[in-house]
1. Relative to the first principal axis of the alpha-carbon coordinates of the chain, what is the inclination of helix 113-124, with its axis defined by its Cα atoms, in degrees from 0 to 90 and to the nearest 10?
2. Debye sum, Cα scatterers, segment 170-243, no solvent: what log₁₀ I/I(0) at q = 0.13, 0.20 1/Å?
3. Below 8 Å between Cα atoms, with a sequence gap of 6+, how large is the relative contact order for segment 243-296 in percent?
4. Using r as the Cβ-Cβ distance of residue 78 and residue 156, and R0 as 30 Å, what FRET efficiency do you calculate, to the nearest 0.05?
5. Mind pulling the angle between the C-alpha long axis of helix 226-237 and the longest principal axis of the chain? Nearest 10 degrees, somewhere in 0 to 90.
6. Taking only Cα atoms and a 10 Å spring cutoff, compute GNM fluctuations for the chain and point out the largest among 44, 141, 232.
7. Determine the relative contact order of segment 188-293: mean sequence separation of Cα pairs under 8 Å and six or more apart, normalised by residue count, in whole percent.
8. Taking springs between alpha-carbon atoms closer than 10 angstrom, which of 219, 104, 140 fluctuates most in the Gaussian network model of the chain?
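Every read-out reported here was derived from the displayed coordinates using simple, explicitly stated rules and does not represent laboratory data. Quick caveat, the model's predicted, so the values are computed rather than measured. For neighbour counting, all protein chains shown are included, and Cβ atoms are generated from backbone atoms with ideal geometry for every residue, glycine included.
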């Protein structure tokens with residue numbers, strides 16, 4: 001396979017991903033308040049890497065045209081066609097060499113060991129998990145979650161932190177349930193949150209609605225795991241924590257607009273949205289009308 005060889009970043013480099021390709025990423029979550037997960041989008045010319053390994057679990061999603069890919073792991077060569085939407089999975093500390101034969105548009109998600117190990121305790125009864133290696137697989141859930149995280153990064157919504165932490169949680173659980181060598185335990189979470197805990201969560205969200213709400217902060221407020229909280233909260237309300245926060249911000253916006261003391265831009269900030277456009281988009285989606293139409297009705 002032709003292509004210029006990329007710089008040697010060394011085995012077990014702590015920050016291998018940013019050094020792996022010649023050109024910087026077109027999109028990156030670096031510098032964002034993302035917890036446990038990071039995202040990069042790369043447009044790559046044909047090429048190959050030096051042997052490297054990562055300190056994060058790596059997910060590669062092909063957003064572009066089909067290309068041929070080769071991977072060498074432990075002197076074993078794998079080949080395949082990375083079709084549009086295909087997903088590649090590489091566990092932590094896996095030395096490998098990758099080659100590809102044409103321009104590629106790829107999304108790379110990296111999950112921290114701590115994120116996976118914390119959920120492995122709940123799903124596998126151990127933090128010592130082992131993940132399988134996949135050069136190419138088809139996984140619609142991973143593909144769709146990758147696209148949604150990409151969109152969150154592009155729009156930089158005020159609710160992106162809560163959304164990303166929720167997505168990272170469900171992505172980690174999905175990987176452990178479907179790609180870990182150990183078999184996940186089957187646990188049922190029925191009945192939702194007890195009324196007292198649900199009220200505690202609702203009060204916490206209401207009190208912090210203008211702030212950058214963290215999923216970890218809410219779960220820690222109840223002294224339960226991220227995953228446990230997300231499942232029980234949705235059973236109780238029918239909404240994910242992210243959806244509920246957006247709904248409550250829009251409800252607060254309706255109240256403020258009715259009072260008529262703030263402009264739409266001021267209302268957006270007062271409700272926890274970063275920009276007026278964010279309020280506009282979510283307000284119209286949930287109410288069917290724009291804030292301006294609502295204000296003048």
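1. Orientation of helix 113-124: about 80 degrees from the principal axis.
2. With one equal scatterer per Cα and no solvent, log10 I(q)/I(0) is -0.43, -0.89.
3. 33 percent
4. 0.20
5. Result, in degrees: 40.
6. Among 44, 141, 232, the largest mean-square fluctuation in the Gaussian network model of the chain belongs to 141.
7. Rounded, it is 24 percent for segment 188-293.
8. Comparing 219, 104, 140 in the GNM, the peak value goes to 140.
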